[in-house]
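Just so it is clear, none of the values below were taken in a lab; they were calculated from the coordinates. Model, not experiment: these values are computed from the prediction. Positions of Cβ are backbone-derived with ideal geometry, glycine not excepted, and every protein chain shown enters the neighbour counts.
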Amino acid sequence: MTTEFRPLTKECVADVLGVCVRTIDNWVNDGTLIAPRKLGSRPYWHPRTFYAWLDQALSAPPASENSDASDTATGHHAPKAPPSPAKSKAAVSGKSESDAIRARDRAKLDALLG
C-alpha cells in the first residue's frame, strides 16, 4: 500500500523555515540545506528527507562560538536564520493541519535559534 505525499517546493520549504526563497537558494548552494531533486526544471524535496534533515538540525546540540556548526556525518550545516516571533496556539488553532505543522516546525526552529 502506498501512502500519498506532496513534494515540497522551494516556497514551501522557505515557509517552513521562515525565510525567503532566496535564502533557500543560498543555503542549498553553501551546503547548509540538503539539495533538492529536480523534476523537469523545478526543484522538489521529498517530505521524509527534508523533515529528517530538519529533525537532525534541530536535535543537534548548539555549536560553540569557536566551532563549526557543520554535521560531520552529512556535511550539512544547521540553518542560521534570524529568529522570528513564535506563533501562539490560539493563532494556529483556526488553520489547516498543514499550516499547524508549519507553525510548529517554525516554532521549533525559533526555539533552536533563540
For region 26-34, what does the Karplus curve 6.51 cos²θ - 1.76 cosθ + 1.60, with θ = phi - 60°, yield as ³J(HN,Hα) per residue in whole Hz, taken in order and with x for Gly and Pro?
4, 5, 5, 5, 9, x, 5, 10, 4
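Among residues other than His46 whose Cβ falls under 15 Å from its Cβ, what is the net charge (Lys/Arg +1, Asp/Glu -1)? The partial results should precede the final answer.
On the way: positive: Arg6, Lys10, Arg37, Lys38, Arg42, Arg48; negative: Glu4, Asp55.
Result for the local shell: +4.
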Just to check I understand the Karplus step: with θ = phi - 60° and J = 6.51 cos²θ - 1.76 cosθ + 1.60, what whole-Hz values come out for region 11-20, glycine and proline as x?
5, 5, 5, 4, 5, 4, 8, x, 10, 7
Residue-by-residue Karplus 3J(HN,Hα) for region 37-50, coefficients 6.51, -1.76, 1.60, Hz, glycine and proline x
9, 9, 10, x, 9, 9, x, 9, 10, 6, x, 5, 5, 5
The simple spin-label model distance between Ser59 and Ser41, using points 7 Å out along Cα→Cβ, in nm, is 3.9 nm
